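Trainee: Submitted below is the structure of interest, expressed as structure tokens.
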Amino acid sequence: MKSKIRHLIAAMALVLPVSGTVLANEGPKLEKAPIDIQDTESLQRGAQLFSNYCLSCHSASAMRYNRLEDIGLSEEQIKANLLPEGAKIGDQMNVSMDKKDAKVWLGAAPPDLSLIARSRGADYLYAYLRGFYRDPTRPTGWNNLVFDKVGMPHVLWEMQGEQVLKTEKNAEGHEEHKLELVKAGSLTKLENGKANTAEFDKRMADLTNYLVYIGEPAQVKRHQIGYIVLLFLGVLLLPLTYFLKKEYWKDVH
């Protein structure tokens with residue numbers, strides 16, 4: 001018994017320092033992403049952002065254009081605003097960029113984003129999209145607060161403007177990294193030295209919402225059906241409860 005306890009203590013001594021190291025190297029605290037896949041207008045705006053800014057490099061091969069009808073877009077709207085030239089409404093969301101060329105130009109082929117929200121999480125994506133800052137040491141001139149030494153350039157910089165990384169010490173004396181907007185974009189403002197990023201943040205929430213949606217497009221209809229079923233069961237429960245009460249109490253009286 002004593003031998004087993006000694007082995008357990010030795011194992012804990014090995015594990016605890018590793019755990020402390022992991023905690024010390026954790027990234028910034030992630031803000032909760034304002035996700036609502038029932039908000040079809042948000043999903044539509046996110047789909048437009050994805051098609052205009054992401055689809056040139058990143059595919060979403062598990063998603064087809066005609067599934068966008070599930071979020072309230074008509075076939076005509078999809079063809080006019082989202083469908084690339086030469087593509088058909090039933091095609092997958094693939095990119096025309098060759099993987100070999102992408103590797104030469106960008107260092108690695110951009111990943112498919114079909115399941116990125118399921119693997120990384122909505123909070124991570126929301127922080128990542130807003131976390132780019134100027135870094136002259138990087139080949140693209142950009143870095144990211146939640147993905148250090150990221151290879152992707154900041155394709156949305158004209159909307160967001162330019163941020164720089166600031167290092168400050170908190171009340172406990174530990175260093176904290178924060179981003180500061182130094183140049184406004186089309187969707188941000190600098191007012192009396194303070195940054196107003198509400199509009200840009202809203203657009204990034206839309207894009208994150210859409211990435212969550214394409215991870216499982218059927219979830220929108222599944223949730224809608226679920227609400228209808230719950231309502232039906234709720235309505236059905238009332239008369240059943242009443243008749244059960246009458247049947248139970250008739251023998252008592």
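The values are calculated or read from the model by the stated rules, or taken from the named source; none is laboratory data. Being a predicted model, the structure only gives us computed values, none of them experimental. For neighbour counting, all protein chains shown are included, and Cβ atoms are generated from backbone atoms with ideal geometry for every residue, glycine included. For the accessible areas, the whole protein counts, side chains as well, though only heavy atoms, and no ligand, DNA or RNA atoms are used. Shrake-Rupley method; radii C 1.70, N 1.55, O 1.52, S 1.80 Å.
Trainee: For region 1-91, please list each of the helices (runs of 4 or more DSSP H) lying entirely inside it that holds at least 2 residues being at pLDDT below 85 and more than 30 Å from K178 (Cβ to Cβ).
Mentor: Working: elements: 2-24, 40-49, 75-81.
Once the helices (runs of 4 or more DSSP H) in region 1-91 are filtered for at least 2 residues that are at pLDDT below 85 and more than 30 Å from K178 (Cβ to Cβ), what remains is 2-24.
Trainee: Residue check, S114 against (1) of a type in the set (S, T, Y); (2) farther than 19 Å from M204 by Cα; (3) surrounded by 13 or more Cβ atoms within 10 Å (Cβ to Cβ), all met but one. Which one?
Mentor: Going through (1) of a type in the set (S, T, Y); (2) farther than 19 Å from M204 by Cα; (3) surrounded by 13 or more Cβ atoms within 10 Å (Cβ to Cβ) one by one, S114 breaks only (2).
Trainee: When region 147-205 is examined, which residues are found to be on the phi > 0 side of the Ramachandran plot and open to solvent by less than 60 Å² (accessible area, probe 1.4 Å)? First the steps, then the outcome.
Mentor: Initial filter on region 147-205 (on the phi > 0 side of the Ramachandran plot): 149, 161, 173, 192-193.
The answer is G161, G173.
Trainee: A further question follows. As an exercise: evaluate G141 against (1) within 22 Å of the chain's Cα centre (by Cα); (2) within 26 Å of S51 (Cα to Cα); (3) of a type outside the set (S, T, Y); (4) open to solvent by less than 60 Å² (accessible area, probe 1.4 Å) and give the number of the one condition it does not meet.
Mentor: So G141 meets the others, but not (1).
Trainee: What are the pairs with Cβ atoms under 6 angstrom where one residue, in region 215-243, is closer than 13 Å to L43 by Cβ and part of a helix (DSSP H, G or I) and the other, located anywhere, is open to solvent by 90 Å² or more (accessible area, probe 1.4 Å) and at pLDDT 75 or above? Sequence gap at least six, or different chains.
Mentor: G215/L115; G215/R118
Trainee: Which of (1) among the hydrophobic types (A, V, I, L, M, F, W, C); (2) open to solvent by 30 Å² or more (accessible area, probe 1.4 Å); (3) in contact with a strand residue (DSSP E or B) (Cβ under 6 Å, 6 or more places away or on another chain) does L231 not meet, given it meets every other one?
Mentor: In the conditions (1) among the hydrophobic types (A, V, I, L, M, F, W, C); (2) open to solvent by 30 Å² or more (accessible area, probe 1.4 Å); (3) in contact with a strand residue (DSSP E or B) (Cβ under 6 Å, 6 or more places away or on another chain), L231 misses (3) alone.
Trainee: Now a separate question. Check off (1) within 18 Å of L43 (Cα to Cα); (2) open to solvent by 70 Å² or more (accessible area, probe 1.4 Å); (3) of a type outside the set (K, R) for L83 and give me the number that stays unchecked.
Mentor: In the conditions (1) within 18 Å of L43 (Cα to Cα); (2) open to solvent by 70 Å² or more (accessible area, probe 1.4 Å); (3) of a type outside the set (K, R), L83 misses (2) alone.
Trainee: Hey, can you tell me all the residues within region 56-70 that are within 22 Å of P153 (Cβ to Cβ) and surrounded by fewer than 19 Cβ atoms within 10 Å (Cβ to Cβ)?
Mentor: The answer is S56, C57.
Trainee: Does region 177-186 contain at least one residue that is farther than 26 Å from L43 by Cβ and in contact (Cβ under 8 Å) with a residue 60 or more places away in the chain? I'd like the intermediate steps shown before the answer.
Mentor: Filtering region 177-186 down to residues farther than 26 Å from L43 by Cβ leaves 177-184.
Checking which are in contact (Cβ under 8 Å) with a residue 60 or more places away in the chain leaves us with 177.
The answer is yes, given that some residue of region 177-186 is farther than 26 Å from L43 by Cβ and in contact (Cβ under 8 Å) with a residue 60 or more places away in the chain.
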